[in-house]
Amino acid sequence: MRTALLTLAALMLLPGTIRADSPLTSTSFSDAYLDVPIIRQAKDAGVMNQRFADCLSSPLVPVDYKAALCNALGWRFEGKENAKLFCQYLTKQVTAHPRRPTSDDLLCIGYLFALDNYFQPQKAMRPLGIARQDNTRSFTVAIICALVQAQVAFDSDWTRVWQATRRVELDRRLTQDMRPAAKRIILDYMNLYHEDAGEAPPPGKSQEEQEMMPTSKGPFCQSCGMPMEKPEQFGTQANGSPDKEYCTFCYQKGAFTDPNMTYDKMLAFDTGFLAKEMKMPEPEAKKFVESWLPHLKRWKKQ
């Protein structure tokens, strides 16, 4: 009996056993996005399917929605295969329409892999590292990478666990492209580790949200914001050659297809598209579009 009690006491003092939870399994920030139907469906399903993969690979879906969807698919002690299923989907997509993986693709692959096998999170660091290099301004990308880094350090150094997300929290250069409620779910849990880091607790309030800009490498149509990745998506100049600034829907033969288009009409169109196709709440869709549409060439002077 004494031996058993001593063994139990020793186990309770080991890092990672005092708290049965961990950075990846205890930060369900997708709860802040459950008003979005597809994220709610992902939480119920827990398994990758065609519709979820379409959402994750779409250039029109904000990166925080993609991260929330991955988070909603969740984890399981026995492991999952959502990363494998998403990679299979991307392989078919790239075969049909050749393109290089985007930073969002790599973020989703890495995060899904870490959630699928949170006992070996270090294997997710390569795609996440590339995603971070490709998109250095996104808070969402930075905090997901930090969560996986914290998971890697979880069994060895709790100082590094807290510092991983603390650095992101303090980085004023990052665009705050995640819902404040989602940030608080992550940071409120991760800041529990500050005592183990031997440093003062962080402030309780989050930063103000800043402007968001599309994070895909583009190019983006300078009229509607659509990413242009295929030759047929580019507009044409008067001589028939491809136009590098506008898409085929907005610009053909050296002129706008709808010369009477206004900023307000374009705002309404893009907002309606996101609200309908991606089941995004209309106020949030409008706010997202308003964060980048005025910066496009056609509307800068308005």
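The values are calculated or read from the model by the stated rules, or taken from the named source; none is laboratory data. Bear in mind the structure is a predicted one, so any value in this text is a computation, not a measurement. Using ideal geometry, Cβ is built from the backbone for each residue, glycine included, and neighbour counts are taken over all protein chains shown.
Look at Trp162 and say whether it is aromatic (Phe, Trp, Tyr) and touching a His at 6+ places or on another chain (Cβ under 9 Å).
Yes, satisfied.
Tally up the residues in the stretch 255-292 that are of a type in the set (Gly, Ala, Ser) and within 20 Å of the chain's Cα centre (by Cα), please.
The qualifying residues number 3.
Collect the residues in the stretch 139-180 that are among the hydroxyl-bearing types (Ser, Thr, Tyr), farther than 24 Å from Phe119 by Cβ and at pLDDT below 95, keeping them in residue-number order.
Across the stretch 139-180, the qualifying residue is only Thr175.
Going through the stretch 181-217 one residue at a time, which ones are at pLDDT below 80 and basic (Lys, Arg)?
Within the stretch 181-217, Lys205, Lys217 qualify.
Checking the structure you have, find out if any residue of the stretch 256-269 is surrounded by 14 or more Cβ atoms within 10 Å (Cβ to Cβ) and either assigned by TED's automatic domain parsing to the domain that holds Tyr33 or in a strand (DSSP E or B) (or both).
So far as the stretch 256-269 goes, yes, one or more of its residues are surrounded by 14 or more Cβ atoms within 10 Å (Cβ to Cβ) and either assigned by TED's automatic domain parsing to the domain that holds Tyr33 or in a strand (DSSP E or B) (or both).
Would you check if there is a residue in the stretch 87-103 being more than 28 Å from Met228 (Cβ to Cβ) and surrounded by fewer than 24 Cβ atoms within 10 Å (Cβ to Cβ)?
No, every residue in the stretch 87-103 fails to be more than 28 Å from Met228 (Cβ to Cβ) and surrounded by fewer than 24 Cβ atoms within 10 Å (Cβ to Cβ).
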